[in-house]
Amino acid sequence: MVQSQQKLDRVLVRVEELTPEKADQLIWVRARIHTSRAKGKQCFVVLRQQQFNVQALVAVGDRASKQMVKFAANITKESIVDVEAVVRTVEQKIESCSQQDVELHIERIFVISQAEPRLPLQLEDAVRPEGEGDEEARATVNQDTKLDNRVIDLRTTTSQAIFRLQSGVCQLFRDTLIKKGFVEIQTPKIISAASEGGANVFTVSYFKTSAYLAQSPQLYKQMCICADFDKVFCVGPAEGWKAPHCFYADTQNSFQTEIQTVNKQYPSEPFKFLEPTLRLEYTEGVAMLRAAGVEMGDEEDLSTPNEKLLGRLVKEKYDTDFYVLDKYPLAVRPFYTMPDPSNPKYSNSYDMFMRGEEILSGAQRVHDAQLLTERALHHSIDLEKIKAYIDSFRYGAPPHAGGGIGLERVTMLYLGLHNVRQTSMFPRDPKRLTP
Amino acid sequence: MALRELSSLEKFLGLKKPHKYSTQGVKKVPLLQSNNGPALVGLATIASHLAKEAKKPELLGTTPEQRAVVQQWLEFRVTRIDECPREEIRTVLKDLNQYLEDKVYLAGNSLSIADPLLYYAIHHIVVDLAVQEKERYMNLTRWFDHIQHYPGVRHHLAPVVVLRNRVYTSCHH
């Protein structure tokens, strides 16, 4: 067991760096045993480190004894090992590994952390595309099992790719906003009352009283605007800011490998978008739906099936997977939405869609305490409950607008996946509270 | 329901004077009392009679083979579609879609009485299909759109919107 007893004079090389350039060098690698297979006097092992794997070989000879070969063959899958080996080039490419041009000839192998022999799921099964499993009667792993054993499921190449991409998405958002002069803020997640007049879903005990988990940091972002921070964003469980189109181009360029890895298990069409971004007005959207045979009222909200159908119609007409739908009917938006100055039935609010699913809901907010009070009364909201909210606009408030984006939804839709739990590291839903 | 159809059919056939129909039995099978002979019972029978009366016997088929196919479809419509239970609708649509893959009309190369009668029968199913389902049953939708726009056929039924271009191009939905 490694208890940091001593500082080893070992330089660990990353598997992804094992290329013909290192040929004939003696190096150390720490990786997992992906597979091991004994064949007579030899044992073939595939060592895996995140998305990369390399073939390694223990052969009986002057460097390895028969017992060592047997030892290597019996190391359980997923165990972490330290291996001292010589890098050798190979004549024929090793198709099944990421490092195709080299293999390791092992001189010493140590088990650093042993895995229990019975794994709750096999990584090859977890990575297998759905259809393939049925045809050749080979197992795939269903989502619940994957989520129950998330630690192992996250080791698959697909999961690694998804979450590295997601991290990249988050970083790109941050970079883009910071470059535009935004200030990143941290907002409280425990609040005293509903800021939007909506229901409080999660109550927590708070000293001698109760409090609620914030559903959205919107109130605080708005307060920061009133406090002269001009442009703010916060990243956390709920909101962000609108995605500029340059984000899509950057993601495509920097994360090609990740996108391809995910597509191996979950094939999908590449994400398409227009520059400048397509902006449709709500009335146009309704007209397109009606032309397709959908019956709906002018001021009716879009149901999820209609949103998806509209996404399809927009894709067919404009060839884009991303668009903005602007000027929603006032009646279906929250009370703090600024009405449209030219038509009282509509509002300065918008939704953004990727592949026909909503990723952002936003609007110009009402920054006038008087108008805000009127709108709240119109929606029959108890003014007492939102007193602090309205108060923030009493002492000079700049006109402002904003929105919140789901990071996990964006990752899911960008990659063309179908379940947000795939892009949520440790998802929570009404039935799931662990891991 | 069947009576409205017969009235539409009469208009389509160009019959000036509408007949008076009555119904028979629990299932409300249409009945046409004729002056010189026994009553005609049943949608298929009455429809065939009307076609002859309108002096358009070609609508029943020009060759013996076509005539047989027309009758087969009239029977199909009455037995399989009119009382179709919900679980079977998908199968029926799939079968029709497959049949219509290489045909413009149900029987032969020209419109027969089978086409409007089947159109009347499945209208209530097709009108409720989502865009995606209509695309799945491509051939059926194509035939349906053709017949519903045929002069004189549609009458009392609501037009079903059929998009010109496919919107569900990939298999992923």
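What follows draws every value from the coordinates through simple rules; no lab data is involved. These figures come from a predicted structure and were not determined experimentally. We place every Cβ from the backbone using ideal geometry, glycine too, and count neighbours over all the protein chains shown.
Test of understanding: extend the Cα→C-beta vector of residue A:257 to 7 Å, then name every residue of segment A:156-174 with backbone N under 17 Å from that spot. Only A:156-169 pass the distance filter.
Distance from the alpha carbon centroid of segment A:1-30 to that of segment A:93-125 works out to 15 angstrom. Between residue A:185 and residue A:1, the FRET efficiency from the beta-carbon distance, with R0 = 41 Å, is close to 0.40.
Within the shell defined by Cβ-Cβ distances under 11 Å, the residues around residue B:165 carry a net charge of +3, with Lys and Arg each +1 and Asp and Glu each -1. Over the C-alpha trace of segment A:86-158, radius of gyration and Dmax come out as 16.2, 43 angstrom.
For helix B:138-148, what angle does its Cα long axis make with the longest principal axis of chain B, in degrees from 0 to 90 and rounded to 10? Compared with the principal axis, the helix lies near 40 degrees. Relative to the longest principal axis of the Cα atoms of chain A, helix A:282-291 runs at roughly 70 degrees. Under 10 Å, Cα contacts only: if you run a Gaussian network model on chain A, which one of A:182, A:202, A:353 comes out with the highest mean-square fluctuation? Looking only at A:182, A:202, A:353, the largest GNM fluctuation is found for A:202. Could you check the simple spin-label distance between residue B:54 and residue B:4, using points 7 Å along Cα→Cβ, in nm with one decimal? Between residue B:54 and residue B:4, the label points sit 1.9 nm apart. What percent antiparallel are the DSSP beta bridges of the protein assembly as shown, to the nearest 5? So the antiparallel bridges in the protein assembly as shown amount to around 85 percent. Restricting segment A:94-132 to GluC sites (Glu not before Pro) that sit in a DSSP loop and have at most 13 other Cβ atoms within 10 Å of their own Cβ leaves A:95.
Normalising the average separation of contacting C-alpha pairs (under 8 angstrom, six or more residues apart) by the number of residues puts the relative contact order of chain B at 20 percent. By its C-alpha gyration tensor, with a ≥ b ≥ c as the square roots of the eigenvalues, how is segment B:92-168 shaped: rounded for a/c under 1.5, else prolate for a/b larger than b/c, else oblate? Oblate, because a/c is 1.5 or more while a/b does not exceed b/c.
To the nearest ten degrees, helix A:369-378 and the longest principal axis of the Cα atoms of chain A are 90 degrees apart. When the Cα atoms of segment B:2-110 are aligned to their principal axes, the ranges along those axes come out at 42, 35, 22 Å in descending order. Close amide H contacts of residue A:183 (hydrogens built in the peptide plane, cut-off under 5 Å, sequence separation of 5 or more or a different chain): A:231, A:232, A:233. Considering segment B:1-44 at the alpha-carbon level, its Rg and Dmax are found to be 10.6, 31 Å.
Charge dipole of the protein assembly as shown (Cα centre as origin; +1 on each Lys and Arg Cβ, -1 on each Asp and Glu Cβ, all else neutral): 740 debye, rounded to the nearest 20.
Net charge in the neighbourhood of residue B:88 (other residues with Cβ under 13 Å of its Cβ; Lys, Arg +1, Asp, Glu -1) is 0. Considering only A:267, A:318, A:288, the residue lying farthest towards the positive end of the dipole of segment A:267-338 is A:267, judged by Cα position with unit charges set on Cβ. Taking each residue as 0.36 nm, the span from residue A:361 to residue A:138 lengthens on full extension beyond its C-alpha to C-alpha distance by 76.1 nm. By the count of neighbouring beta-carbon atoms within 10 Å, fewest first, A:255, A:71, A:207, A:271 end up ordered A:207, A:71, A:271, A:255.
Once the Cβ-Cβ distance of residue B:89 and residue A:304 is raised to the sixth power relative to R0 = 25 Å, the FRET efficiency obtained is 0.55. Springs join every pair of Cα atoms under 10 Å in this Gaussian network model of chain A, and among A:156, A:373, A:261 the largest mean-square fluctuation is at A:373. Given q = 0.07, 0.11, 0.12, 0.13 Å⁻¹, what are the Debye log10 I(q)/I(0) values for the protein assembly as shown, with equal point scatterers placed on the Cα positions and solvent ignored? Debye curve over Cα of the protein assembly as shown, log10 I(q)/I(0) at q = 0.07, 0.11, 0.12, 0.13 Å⁻¹: -0.71, -1.11, -1.19, -1.28. From the P(r) of segment A:338-399, could you give the percentage of C-alpha pairs in the tail past 19 Å? When every Cα pair of segment A:338-399 is considered, 43 percent fall beyond 19 Å.
The stretch between residue A:284 and residue A:332, if pulled fully straight at 0.36 nm per residue, gains 15.6 nm over its current Cα-Cα span. About its Cα centre, chain B has a charge dipole of approximately 520 debye under the convention of +1 per Lys or Arg Cβ and -1 per Asp or Glu Cβ, with nothing else charged.
Between the residues A:92, A:58, A:166, the greatest Cα displacement towards the positive end of the dipole of segment A:58-212, with unit charges on the Cβ of Lys, Arg, Asp and Glu, is found for A:166.
Computed over chain A with a Gaussian network model linking Cα atoms closer than 10 Å, the most mobile of A:142, A:348, A:306 is A:142. For segment A:1-140, the calculated P(r) over all alpha carbon pairs, in 5 Å bins from 0 to the bin holding the longest distance, is 2, 10, 18, 21, 20, 15, 8, 4, 2, 1, 0 percent.
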